[in-house]
Every structure is written in C-alpha cells, then in structure tokens.
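The values are calculated or read from the model by the stated rules, or taken from the named source; none is laboratory data. Because the structure is predicted, anything quoted here is derived from the model rather than measured. Because the Cβ atoms are built from the backbone with ideal geometry, glycine has one as well, and the counts that use them run over all protein chains shown. Side chains are part of the model used for accessible areas, which takes the heavy atoms of the whole protein and leaves out ligands, DNA and RNA. Shrake-Rupley method; radii C 1.70, N 1.55, O 1.52, S 1.80 Å.
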Amino acid sequence: MSEREPDADDTEAVWRTIVENYGDRAVVEPDEYDEAPAPAPSGHDAPDEQDLDDGLDDEERYVPPPAPPLPRPSTPRLLAWIGLLGSPVVVVVTLLAGISLPPVVGWLLIAAFVGGFGYLVATMPREPRDPWDDGAQV
C-alpha cells in the first residue's frame, strides 16, 4: 500500500499539459452506460422561444393580479420627508447655480431638515410589527 511519489519530470509534464490546454473545453467521451451522447452546444446559452413555450394557450397561463396602490403617507410624515430630503437638494442647487439665499431662508432650510429628521425619529415604531418577533438573538 505504498503510493508512488511523483518525480519532478511527471509533475512538470502534468503542469505543462494543464497550461497548454488552459481555456479549452474538456471533451468527455460517453460511457458505455450512457444511452445517448450529450448534444453539442448550440453557440448560445439563451433558450429558444420554442423551448419556453410549453404548449399552454394564453388563457391557461397564470396572470398575477395587479399590484395594490402604494400607501399614501400622512401629511405630517410627508412634510417631514420633504424637509429631510428637500432642504439639502435646495441648498446644493442654489450653490451650484451661484444663487445666494438670504440668511433667513438658510435657517429655515436647516430647521426643516432638523425638524423632519426629528419628527421621523420620534414617530418610529418602538415595538416590532410582529409581537412574537424579538429580532435577531444570539
């Protein structure tokens, strides 16, 4: 039960064969137990339209129901999001356009940003939506 140690010439020959055939597709000979040889690749991996058509008529195919409309946020929540996201946009646009804002407008934009952030954080749910879900536990 002794394994034969490969000598340096065998190892070099194996590596040389690997490097010479790098990127080539392997050719697999069919075994005597295989019923039929594998089909040759067709040159593209995308299935044909015929392959996708399984013989079902259009009436038999499943068509999902239309998605429900998106929920509308409450007015205070919408104003908080507008303050949080709109204030930095207004500041960046005015800076890029070279428009100078009066100091009062600048302070109002800062107040809208801080107020929107504060409102959204203050109204976050404190408990999980599912009372049985405690979140990730270690």
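The figures follow:
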quantity	calculated
Residue count for segment 80-102, restricted to those that are closer than 27 Å to M124 by Cα and open to solvent by 80 Å² or more (accessible area, probe 1.4 Å)	4
Matching option when the condition is open to solvent by less than 60 Å² (accessible area, probe 1.4 Å) and either in contact with a Phe, Trp or Tyr (Cβ under 8 Å, 6 or more places away or on another chain) or of a type in the set (F, W, Y) (or both), among L109, L120	L120
Filter pass, R72 being over 24 Å from G115 (Cα atoms), modelled with pLDDT of 75 or more and among the charged types (D, E, K, R)	no
So V93, is it at pLDDT 80 or above and hydrophobic (A, V, I, L, M, F, W, C)	yes
Test: R72 is charged (D, E, K, R) and open to solvent by less than 100 Å² (accessible area, probe 1.4 Å)	no
Total residues in segment 68-87, condition outside any loop (DSSP other than H, G, I, E, B) and over 28 Å from the mean Cα position of the chain (by Cα)	7
